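So the structure is just underneath, and the comments pick up after that.
The values are calculated or read from the model by the stated rules, or taken from the named source; none is laboratory data. Remember, it's a predicted structure, so these values are computed and weren't measured experimentally. Positions of Cβ are backbone-derived with ideal geometry, glycine not excepted, and every protein chain shown enters the neighbour counts.
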Amino acid sequence: MKDLTKEEALAEARTRWGASGAVRARPGGVARGGSGRGRLARYRYTVGNGGLGRACSIEGQGDTWRSALADARPLARRSETA
């Protein structure tokens, strides 16, 4: 199955989360023959709401737009007392 374009992913994010829906693609690339990602690197594609910043309450990540949208889930809230 063909992956979505950035515009299609943004349209899906806005369908799910309204005007606050957002998408982000981290630059890819291979440096010195490596994979371009470290062992703990985040996925390349991120989707969510609230501008994907501090106010974001739903976020999904993946190696494709489709996998990021499939991964989207509510974020765990931090304890106010911790």
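Some observations on this one:
- Single residue of the stretch 1-24 satisfying the filter (without any contact (Cβ under 8 Å) to a residue 24 or more places away in the chain and not in a loop (DSSP other than H, G, I, E, B)) that is nearest to the chain's Cα centre (by Cα): Leu10
- Within the stretch 68-82, the set of residues being more than 9 Å from the chain's Cα centre (by Cα) and modelled with pLDDT of 85 or more comprises Ala70 only.
- Filter pass, Trp17 being in contact with a strand residue (DSSP E or B) (Cβ under 6 Å, 6 or more places away or on another chain), among the aromatic types (Phe, Trp, Tyr) and modelled with pLDDT of 85 or more: no
- Of all residues in the stretch 46-56, those being under 21 Å from Lys6 (Cα atoms) and at pLDDT below 80 number 5.
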